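The values are calculated or read from the model by the stated rules, or taken from the named source; none is laboratory data. Keep in mind that what you see is a predicted model, and the values were worked out from it rather than measured. Cβ placement follows ideal geometry from the backbone for every residue including glycine, while neighbour counts extend to all protein chains displayed. Note: areas computed on protein heavy atoms with side chains; ligands, DNA, RNA excluded. Shrake-Rupley method; radii C 1.70, N 1.55, O 1.52, S 1.80 Å.
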Amino acid sequence: MKYRLITLILAIAIFSCAAQNRGRGVFKADIYLYGILTRTDTLTLYDSVQKRAIPITINNRQEGSHFDDQLRRNARRKLVILNPGYGSARSDYSYIASHLATNDYLVVTIQHDLPADDSLPRTGDIYKLRKPFWERGVKSILFTIAWLKKEYPKVDYKRIILMGHSNGGDIAMYMATEYPDFAKIVITLDNRRVPIPRTRHPKILSIRSADQPADPGVLPTAEEQKKYRINIVGTGIKHNNMGGNATEDQKKEIKGYLNDFLGLD
């Protein structure tokens, strides 16, 4: 108890002089239990091939803190690519990004839909009409990864975790289908349009809502879940409450599923 109090006091002292602009983005330091500090950078990349801006947020353990010796210093940090739902902001998923950052993940949240974009089709052949949006999202992820490899060379790019909510989850599943070796783990919060790949690799978790069913064929059958070890978790949470509208109890529930699946405390 005494040790935890000392580390928390030290964290507060560091935090008091940490919040400042760090040039390439907006920097913010947050305090977490037992003195673990994280930082948040928001910045915009530009893909000249797509002629498209790619706004991203990076949540990361604070480098050079007094608490590095408490973390896995010799392990290469795992990368999480987090894809928001359509119409949602990157900040809506900060409860997930910050939670994973405190567990020594580098979390990069990509804003896929921009104000000038065409609206996401809601009628007609949804899969066919939305496919170009998913393909664009995949290109943005690949561009972001190429940039990250230059800026964060010590991250483990062989064990990427791909995550997304709703349409962001569809982008994740579409990428897992087209690039099966890209990620080791894919996690979605209620993707509804792109079928979950029937495969053991990557390892898959899908957390389902209580109110919006997936299209036919998206979810594996009970037999397929068992055969391919796909984890499907039903909840009482509404689809739109998995992002920024989530209550504290709902956030806690979702983080609990992530903890169980990823082996976190």
(request) May I ask you to list the residues in the range 208-254 that are crowded, with 16+ Cβ neighbours inside 10 Å, assigned to a helix (DSSP H, G or I) and of a type in the set (Lys, Arg)? (result) Lys251
(message) Suppose we filter Met163, Met173 for residues that are closer than 24 Å to Met242 by Cβ and part of a helix (DSSP H, G or I); which single one remains?
(response) Met173
(request) Kindly check whether there is at least one residue in the range 8-18 that is more than 20 Å from Ile145 (Cβ to Cβ), touching an Asp or Glu at 6+ places or on another chain (Cβ under 9 Å) and modelled with pLDDT under 90. (result) yes
(request) Select from the range 148-170 the residues that are farther than 15 Å from Asp215 by Cβ, touching a Phe, Trp or Tyr at 6+ places or on another chain (Cβ under 9 Å) and surrounded by 14 or more Cβ atoms within 10 Å (Cβ to Cβ) and list them in ascending order. (result) Leu148, Ile160, Ile161, Leu162, Met163, His165, Gly168
(request) Please state which of the following conditions Ile145 fails to meet, knowing it meets all the rest: (1) surrounded by fewer than 19 Cβ atoms within 10 Å (Cβ to Cβ); (2) β-branched (Val, Ile, Thr); (3) under 25 Å from Asn245 (Cα atoms). (result) (3)
(request) Tell me which residues, restricted to the range 171-183, are open to solvent by 20 Å² or more (accessible area, probe 1.4 Å) and within 22 Å of Leu262 (Cα to Cα). (result) Thr177, Tyr179, Pro180, Asp181, Phe182
(request) Mind telling me which of the residues Leu114, Leu106 ends up being at pLDDT 95 or above, aliphatic (A, V, I, L, M) and either within 19 Å of Thr188 (Cβ to Cβ) or surrounded by 15 or more Cβ atoms within 10 Å (Cβ to Cβ) (or both)? (result) Leu106
(request) Answer yes or no: is there a residue in the range 117-130 that is among the acidic types (Asp, Glu), open to solvent by 10 Å² or more (accessible area, probe 1.4 Å) and part of a strand (DSSP E or B). (result) no
(message) List the residue pairs whose Cβ atoms are under 8 Å apart, where the first residue sits in the range 178-198 and is in contact (Cβ under 8 Å) with a residue 24 or more places away in the chain and closer than 18 Å to Glu135 by Cβ, the second is of a type in the set (Phe, Trp, Tyr) and open to solvent by less than 40 Å² (accessible area, probe 1.4 Å), and the two are 6 or more positions apart or on different chains.
(response) Val194/Trp134; Val194/Tyr174
(message) Go through the range 72-103 and report how many residues are closer than 24 Å to Gln50 by Cα and open to solvent by 20 Å² or more (accessible area, probe 1.4 Å).
(response) 5
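Return yes or no: is Asn259 surrounded by fewer than 19 Cβ atoms within 10 Å (Cβ to Cβ), outside any loop (DSSP other than H, G, I, E, B) and either of a type outside the set (Asp, Glu) or modelled with pLDDT under 95 (or both)? Show your work before the answer.
Values: surrounded by fewer than 19 Cβ atoms within 10 Å (Cβ to Cβ): yes; outside any loop (DSSP other than H, G, I, E, B): yes; either of a type outside the set (Asp, Glu) or modelled with pLDDT under 95 (or both): yes.
Criteria met by Asn259.
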(request) Please work out if Asp190 is in contact with a Lys or Arg (Cβ under 7 Å, 6 or more places away or on another chain) and crowded, with 21+ Cβ neighbours inside 10 Å. (result) yes
(message) For the range 213-241, give me the residue count where each residue is among the polar types (S, T, N, Q) and more than 21 Å from the chain's Cα centre (by Cα).
(response) 2
